[in-house]
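These notes concern the structure reproduced below.
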Amino acid sequence: YLTACTGIDALTHAIEAYVSTASSLVVDVHALAAIRLVRENIEKAVSSPDDLAARENMSLASLQAGLSFSNASLGAVHALAHSLGGFLDMPHGECNALLLEHVVRFNFGAAAERYCTVAGQLGIDTRGMQAQECSRRMVDELARLRASVGIAGGLADRGVRAADIAELAVHAVKDACIFTNPRRVSLADAQVIYGDAL
């Protein structure tokens, strides 16, 4: 489970850095490499812990993702995950995994071309695909990937109640990561995303 959580955390680092308002050509190289490495290795690393090649590639993915986000910051997934993790004392990567698909859906229209490039790195054939279809396919693949590595269910399964959302959102919109998100996130937006992730 630790491999799954830290692996999805690395994937989130790379995706958020790539669509960050502070991204650059240098960031892009590392972010896209990390996304591809996670796609190709995370399921093997989780299902076969003794597969040292898969684990080495996940370590490399984590490094590449770190190089990308340390130069571009992150976005709303991390902003919401920081608030959530502090509230429930949950593993950080698990928080990211539960929020990633919902933030991608929220952000997609603000960075559609970049997200479609990410979708391609996730193994989705986006040739000739309209943005709305690309968004749907990418969200579905992220949901499938997290479930395949054992991160199932939603926030409600971890004890989050609808009554908790207002407090979580207040802290999330003050998080430094929110400022490089490709779409502005209001307090109401943060509440909706948490609600979708319940």
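The values are calculated or read from the model by the stated rules, or taken from the named source; none is laboratory data. Small disclaimer: the values here were computed from a predicted structure and weren't measured. Heads up, the Cβs are rebuilt from the backbone with ideal geometry, glycines too, and the neighbour counts pull from every protein chain shown. Heavy atoms of the whole protein, side chains included, go into the accessibility calculation; ligands, DNA and RNA do not. Shrake-Rupley method; radii C 1.70, N 1.55, O 1.52, S 1.80 Å.
Considering only region 110-122, state which residues are within 22 Å of GLU43 (Cβ to Cβ) and more than 16 Å from the chain's Cα centre (by Cα).
Selection gives nothing.
Could you tell me whether region 63-71 includes any residue that is over 28 Å from LYS174 (Cα atoms), modelled with pLDDT of 95 or more and among the polar types (S, T, N, Q)?
No, that holds for no residue.
Just need a number here: residues in region 1-43 that are touching a Phe, Trp or Tyr at 6+ places or on another chain (Cβ under 7 Å) and within 21 Å of GLU56 (Cα to Cα).
Residues meeting the conditions: 3.
Residues to consider are LEU155, LEU168, LEU187; find the one that is surrounded by fewer than 16 Cβ atoms within 10 Å (Cβ to Cβ) and in contact with a helix residue (DSSP H, G or I) (Cβ under 8 Å, 6 or more places away or on another chain).
Exactly one of LEU155, LEU168, LEU187 is surrounded by fewer than 16 Cβ atoms within 10 Å (Cβ to Cβ) and in contact with a helix residue (DSSP H, G or I) (Cβ under 8 Å, 6 or more places away or on another chain), namely LEU187.
Condition check: assigned to a loop (DSSP other than H, G, I, E, B), among the hydrophobic types (A, V, I, L, M, F, W, C) and within 18 Å of the chain's Cα centre (by Cα). Does ALA147 satisfy that?
No: the conditions fail for ALA147.
Need the failing condition index for ALA110 against (1) in contact (Cβ under 8 Å) with a residue 40 or more places away in the chain; (2) out of contact with any Leu (no Cβ under 6 Å at 6 or more places or on another chain); (3) of a type outside the set (D, E, K, R); (4) crowded, with 17+ Cβ neighbours inside 10 Å, just the number.
ALA110 satisfies all of (1) in contact (Cβ under 8 Å) with a residue 40 or more places away in the chain; (2) out of contact with any Leu (no Cβ under 6 Å at 6 or more places or on another chain); (3) of a type outside the set (D, E, K, R); (4) crowded, with 17+ Cβ neighbours inside 10 Å except (4).
Could you name every one of the helices (runs of 4 or more DSSP H) located completely within region 1-110 that has at least 1 residues being β-branched (Val, Ile, Thr)?
Once the helices (runs of 4 or more DSSP H) in region 1-110 are filtered for at least 1 residues that are β-branched (Val, Ile, Thr), what remains is 2-19, 25-47, 76-88, 92-107.
When residues of region 53-71 are filtered for being more than 12 Å from ALA34 (Cβ to Cβ) and of a type in the set (A, V, I, L, M, F, W, C), how many remain?
Here the count works out to 2.
Taking the residues in region 5-53 that are open to solvent by less than 30 Å² (accessible area, probe 1.4 Å) and among the β-branched types (Val, Ile, Thr) as candidates, determine which candidate is farthest from HIS78 (Cα to Cα).
The residue in question is ILE42.
Just the residues that are over 26 Å from THR21 (Cα atoms) and under 18 Å from the mean Cα position of the chain (by Cα), please, taken from region 156-198.
Across region 156-198, the qualifying residue is only LEU198.
Considering region 61-105 alone, what residues qualify as being closer than 26 Å to ARG137 by Cα and either open to solvent by 30 Å² or more (accessible area, probe 1.4 Å) or in contact with a His (Cβ under 6 Å, 6 or more places away or on another chain) (or both)?
Matches in region 61-105: SER62, GLN64, ALA65, SER68, PHE69, SER73, HIS92, ARG105.
Given the criteria surrounded by fewer than 20 Cβ atoms within 10 Å (Cβ to Cβ) and within 19 Å of LEU32 (Cα to Cα), does THR117 qualify?
Spelling it out, THR117 is indeed surrounded by fewer than 20 Cβ atoms within 10 Å (Cβ to Cβ) and within 19 Å of LEU32 (Cα to Cα).
Only one of these is closer than 15 Å to ALA81 by Cα and surrounded by 13 or more Cβ atoms within 10 Å (Cβ to Cβ): VAL173, VAL149, VAL139. Name it.
So the residue among VAL173, VAL149, VAL139 that is closer than 15 Å to ALA81 by Cα and surrounded by 13 or more Cβ atoms within 10 Å (Cβ to Cβ) is VAL173.
Does GLU133 fit the bill of being more than 23 Å from ALA10 (Cα to Cα), assigned to a helix (DSSP H, G or I) and of a type in the set (D, E, K, R)?
yes
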